[in-house]
Amino acid sequence: QPLKPEPTSREVDDFPIREQNRWLPIANVVARVMKAALPSNAKLSKDSKECIQECVSEFISFITSEAAERCQAEKRKTLNGEDLLNSFRDLGFENYAETLKIYLAKYRE
């Protein structure tokens, strides 16, 4: 039998998500953040931007999935900032959680 092609989307609650829609935009977000963290004379290859794009998007999905599971267990439909902070802590990213807690408080002011 012929092999089936790899799926181009995955199902989340019966809602198709195309693979490229799971990633942060390279030009607007990923490259800008990378450039800000590097010396001004540093060059970024397309491969490096794509690699970071995939890693960051996967990390966001990892944190968000944990928060969504908590919401589902608590029979809630809306994910909030506290859910994300709890996910960071639950997954061992306490340092990020503390920094983001401060940012969230300032954002809410």
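The values are calculated or read from the model by the stated rules, or taken from the named source; none is laboratory data. All figures in this text were calculated on a predicted structure; none of them were measured in a lab. Using ideal geometry, Cβ is built from the backbone for each residue, glycine included, and neighbour counts are taken over all protein chains shown.
Values as computed for the structure displayed
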quantity: Top-ranked residue in the stretch 12-59 [being at pLDDT below 65 and over 17 Å from the mean Cα position of the chain (by Cα); ranked as farthest from Gln72 (Cα to Cα)]; calculated: Pro16
quantity: Unique match (being surrounded by 13 or more Cβ atoms within 10 Å (Cβ to Cβ) and in contact (Cβ under 8 Å) with a residue 12 or more places away in the chain) among Glu69, Glu54; calculated: Glu54
quantity: Residue in the stretch 93-109 that is nearest to Arg70 (Cα to Cα), counting only those that are acidic (Asp, Glu) and assigned to a helix (DSSP H, G or I); calculated: Glu94
quantity: Enumeration of residues in the stretch 77-92 that are modelled with pLDDT of 95 or more and assigned to a loop (DSSP other than H, G, I, E, B); calculated: Leu91, Gly92
